[in-house]
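Encoded as structure tokens, the structure appears first; notes follow it.
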2 protein chains.
Amino acid sequence: MSGGNKPQSPVVTTGQAPAGSGPNEERGRGVTRLLYTGAWREAQHYLAERMREFGLTARFDRVGNLYGRLQGTDPASKVILTGSHIDTVRSGGHYDGAYGIAAGIAALVSLKERFGPPRRTLEVVSLCEEEGSRFPLSYWGSGNATGVYDLRSAATYADPDGVTMQAAMEASGFGADAQPDPLRDDLEAFVEAHIEQGVILERTGERIGIVSAIVGQRRYTLTLEGEANHAGTTPMTMRQDALAGTAEMMLAAETEALRHGEPLVATIGRLNVKPNTPNVVPGAVSFTLDVRHSDEAELSAFCELLLGQFEAIAAKRSLKLTCDLWMNAKPAPMDEELSGRLQSICAAKGMAHRTMVSGAGHDAQLFSAVCPTAMLFVPSRRGISHSPDEYSSPEALADGLGVLTELLYQLAYEER
Amino acid sequence: MSGGNKPQSPVVTTGQAPAGSGPNEERGRGVTRLLYTGAWREAQHYLAERMREFGLTARFDRVGNLYGRLQGTDPASKVILTGSHIDTVRSGGHYDGAYGIAAGIAALVSLKERFGPPRRTLEVVSLCEEEGSRFPLSYWGSGNATGVYDLRSAATYADPDGVTMQAAMEASGFGADAQPDPLRDDLEAFVEAHIEQGVILERTGERIGIVSAIVGQRRYTLTLEGEANHAGTTPMTMRQDALAGTAEMMLAAETEALRHGEPLVATIGRLNVKPNTPNVVPGAVSFTLDVRHSDEAELSAFCELLLGQFEAIAAKRSLKLTCDLWMNAKPAPMDEELSGRLQSICAAKGMAHRTMVSGAGHDAQLFSAVCPTAMLFVPSRRGISHSPDEYSSPEALADGLGVLTELLYQLAYEER
């Protein structure tokens with residue numbers, strides 16, 4: 001989590017996705033639980049109540065992260081933390097984020113019931129925000145817990161309706177000085193269970209993914225300016241067609257990404273044409289380029305190579321190219337010792353598993369900067385996520401819960 | 001003007017361009033004179049008044065075409081007609097259409113003043129509509145004059161606000177049974193002066209373009225469906241990226257059009273991506289393809305070739321391709337005898353001129369089906385049209401007027 005971001009977005013922004021823009025989405029279906037909305041408040045208070053019923057000590061911090069605590073018998077112990085985020089994208093699924101919280105609660109409750117109080121304190125967290133779907137920032141929950149965000153910056157962000165994050169937070173009952181500071185300096189480890197949001201486990205038939213690293217991401221907006229002209233009266237040889245130039249760049253991105261090989265991915269996901277009229281040669285195009293890799297040097301070299309090709313294409317076609325890097329998140333390696341434990345646990349349970357890079361960003365990447373961190377995936381049907389069609393089978397969810405519970409047992413109950 | 005069009009658009013539709021979508025456009029600048037609006041009514045009545053002042057007999061037909069007549073002395077003579085359209089695109093320029101009307105009025109008035117009444121009747125027409133900027137059809141003026149449109153169809157078209165063309169026409173004072181039928185069966189020739197709307201004359205330095213043919217046009221909407229997926233978690237080799245497939249098609253279109261050579265042009269002007277989000281692999285793309293050529297066989301062969309390549313690209317990438325042909329206008333050759341006269345006139349005046357294909361559609365193409373028709377172009381600065389920046393110099397306008405006047409003199413005054 002570092003460097004290169006815009007002032008309005010000091011960590012990572014996923015951009016502002018308009019309602020109804022998600023893949024596979026049907027308006028009105030799925031879960032929409034944006035930060036500091038009524039649905040969000042309801043979910044967090046529901047979870048707090050259930051935590052208490054289950055015998056965990058529930059508390060909120062100042063930004064609305066919800067913790068459920070199972071006090072350890074060793075008063076000097078630091079905290080073993082598990083969990084994920086409670087917010088969703090618009091019309092999202094039931095599993096992204098929520099699964100890691102539910103699995104964490106279930107793990108703590110089953111450990112408490114089977115083994116009584118742990119040696120070292122266990123906590124489960126329902127982080128207030130990760131998706132960046134309401135305000136132009138993301139990881140607000142884990143970012144506040146790990147010291148990446150300054151809580152006072154909440155006044156500087158606003159949602160599309162002009163409501164500042166500060167106002168929304170206060171209207172939800174948070175943001176008061178009297179409430180606990182969100183920063184955690186007492187963490188011994190963080191473990192996050194999550195759905196894969198990809199197709200790899202489903203295609204290989206493996207039951208658990210053990211994350212070796214979360215990829216670094218760079219996101220650019222590129223703008224190409226040519227000359228809008230009449231589609232009928234401008235000969236092919238007299239055109240400065242910004243869209244034709246973009247086509248050549250898009251193919252270069254795909255070709256070079258395939259040539260470079262996994263785990264690199266390069267995506268042109270958003271593209272807008274001006275004037276976007278059937279009978280006018282496009283005068284300007286803007287498009288986004290999203291490049292990810294688990295190795296910072298490889299990521300950097302690839303971006304340099306590709307942008308060099310873009311510049312050559314623009315020059316050849318007399319198009320003006322501008323390039324804006326608006327996200328630059330470094331890769332986040334997971335803890336090797338914890339990942340090794342996950343491998344041993346899967347092996348002992350006879351579960352086919354795979355060590356893999358996470359192509360998506362997760363709260364774990366923020367925790368990895370402050371404490372040993374591990375992350376495990378369960379398969380997602382057809383890789384679909386951020387959609388009402390998101391699905392992981394009960395068996396897959398139970399697999400992940402079993403592995404998570406065993407790791408938490410080792411960390412919190414075993415002598416070391 | 002034939003075949004292949006959608007029922008709601010029996011001749012040619014330029015599609016419905018949203019306000020502010022034109023090239024080089026600044027909202028609020030330029031001329032917006034859409035059919036049957038207040039600005040349109042004001043312009044037509046202003047012209048009628050000026051025609052009368054200048055000694056022409058002015059009359060409207062039932063759809064609002066305005067004619068200015070200079071009666072010929074030969075009672076058996078048919079009518080030599082000149083003119084163009086009074087409507088504009090949104091935020092258009094001052095010259096497109098209006099120049100041909102103004103030049104026609106000026107030519108008739110100067111002929112009358114210099115030579116008195118002509119042998120054969122001369123008329124200038126301010127056609128009510130050509131651009132298709134308000135209702136989803138175009139050439140409403142020349143289409144009614146030449147019998148392509150049935151006036152009763154006006155009830156079946158509506159503007160984006162739901163106002164039918166019939167209602168708009170009546171509110172403007174037209175459409176009544178008592179008003180003259182717009183169909184003309186008494187035309188001996190039609191001559192249209194127009195700005196080039198292209199860069200060729202400016203680049204070659206020639207002063208007059210003589211149109212040999214107006215291109216045929218085919219417009220398609222192509223839709224590519226792949227699978228929307230997470231940009232981080234979907235390996236390059238597991239993608240069905242609709243936008244990458246589109247990029248390959250766009251380059252194929254450009255490459256094949258350049259290989260085919262002039263006067264063929266192929267344009268992908270409108271492109272929309274779903275979900276159009278930086279971090280999602282595009283699941284679907286739709287784009288328009290506009291292909292023009294003055295030769296129907298060449299046009300047809302090129303489209304067949306290119307669509308075959310598109311199909312191969314889609315198949316290779318496991319994308320679903322659908323193709324919708326929504327405009328299919330045949331090429332319209334101009335009259336050789338009249339064009340020969342224009343060449344001789346330019347030569348006699350010492351004006352550098354060029355015989356050229358019109359890549360844009362014009363009212364002349366509808367008249368060419370019912371009477372010998374000629375068309376002449378004057379240079380457009382930087383080829384810009386459909387924009388407030390549209391400009392042709394006073395010298396260029398005078399050149400066109402001089403040539404037009406001479407041709408009308410030959411046709412209406414000389415013995416034959």
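Please go through the stretch A:181-199 and pick out each residue that is at the interface with chain B (Cβ under 7 Å from one of its Cβ atoms) and β-branched (V, I, T). Hit for the stretch A:181-199 is A:V199, nothing else.
Can you name the residue in the stretch A:289-306 that is surrounded by 18 or more Cβ atoms within 10 Å (Cβ to Cβ) and among the aliphatic types (A, V, I, L, M) and, of all such residues, is farthest from B:M250 (Cα to Cα)? Among those that are surrounded by 18 or more Cβ atoms within 10 Å (Cβ to Cβ) and among the aliphatic types (A, V, I, L, M), it is A:L299.
With the structure loaded, tell me whether A:S153 is touching a Leu at 6+ places or on another chain (Cβ under 9 Å), within 14 Å of chain B (Cβ to nearest Cβ) and in contact (Cβ under 8 Å) with a residue 60 or more places away in the chain or whether it fails that test. Judged against the criteria, A:S153 is not a match.
For every residue, the table says whether it meets (1) within 24 Å of the chain's Cα centre (by Cα); (2) open to solvent by 30 Å² or more (accessible area, probe 1.4 Å).
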| site | (1), (2) |
| --- | --- |
| B:M165 | yes, no |
| B:A168 | yes, no |
| B:Q179 | no, yes |
| B:L222 | yes, no |
| B:T234 | no, no |
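For the stretch B:361-404, the set of residues classified as closer than 15 Å to B:E192 by Cβ and surrounded by fewer than 22 Cβ atoms within 10 Å (Cβ to Cβ) consists of B:A369, B:V370, B:C371, B:P372, B:L397, B:L401, listed by residue number.
Checking each residue in the stretch B:32-60 for being touching a residue at least 12 places away in the same chain (Cβ under 8 Å) and over 23 Å from the mean Cα position of the chain (by Cα) picks out B:A48, B:R50, B:M51, B:F54, B:G55, B:L56, B:T57, B:R59.
Of the helices (runs of 4 or more DSSP H) that lie entirely inside the stretch B:315-416, those containing 1 or more residues that are closer than 23 Å to B:C128 by Cβ span B:364-367, B:394-412. Of all residues assigned to the stretch B:95-116, none qualifies as being at pLDDT below 95 and under 30 Å from B:R381 (Cα atoms). All told, B:R203 meets the bar of being surrounded by fewer than 22 Cβ atoms within 10 Å (Cβ to Cβ), within 14 Å of chain A (Cβ to nearest Cβ) and among the charged types (D, E, K, R). Do we have any residue at all in the stretch B:316-327 that's within 30 Å of B:Y139 (Cα to Cα) and free of Cβ contacts under 8 Å to residues at least 40 places away in the same chain? No, there is no match, as no residue in the stretch B:316-327 is within 30 Å of B:Y139 (Cα to Cα) and free of Cβ contacts under 8 Å to residues at least 40 places away in the same chain.
For residues in the stretch B:271-280 being facing chain A (nearest Cβ under 7 Å) and at pLDDT 95 or above, which is farthest from the chain's Cα centre (by Cα)? Lay out the reasoning, then the answer.
At the first step, the residues of the stretch B:271-280 found to be facing chain A (nearest Cβ under 7 Å) are B:271, B:273, B:275-280.
Of the ones still in play, those that are also at pLDDT 95 or above are B:271, B:273.
On the way: B:L271: 22, B:V273: 29 Å.
Among those residues, the one meeting the criterion is B:V273.
Quick check on my filter: what residues within the stretch B:364-386 are at pLDDT below 95 and touching an Asp or Glu at 6+ places or on another chain (Cβ under 6 Å)?
First pass over the stretch B:364-386, keeping only residues at pLDDT below 95: B:382-386.
Hits for the stretch B:364-386 are B:I384, B:S385.
Mind listing just one residue for me: the one in the stretch A:1-45 that is more than 24 Å from A:D389 (Cβ to Cβ) and at pLDDT 95 or above and, of those, farthest from the other protein chains (Cβ to nearest Cβ)? Per the criteria, the residue is A:H45.
Residue selection: B:S286 satisfies the criterion of being in contact (Cβ under 8 Å) with a residue 60 or more places away in the chain, more than 8 Å from chain A (Cβ to nearest Cβ) and open to solvent by 10 Å² or more (accessible area, probe 1.4 Å).
If you go through the stretch A:217-244 and keep only what is small (G, A, S) and either in a loop (DSSP other than H, G, I, E, B) or within 10 Å of chain B (Cβ to nearest Cβ) (or both), you end up with A:G226, A:A228, A:A231, A:G232, A:A244.
The values are calculated or read from the model by the stated rules, or taken from the named source; none is laboratory data. Everything quoted here is computed from the prediction, not taken from an experiment. Every residue, glycine among them, receives a Cβ derived from its backbone with ideal geometry; neighbour counts consider all protein chains shown. These area figures cover heavy atoms from the full protein model, side chains too; ligands, DNA and RNA do not enter into them. Shrake-Rupley method; radii C 1.70, N 1.55, O 1.52, S 1.80 Å.
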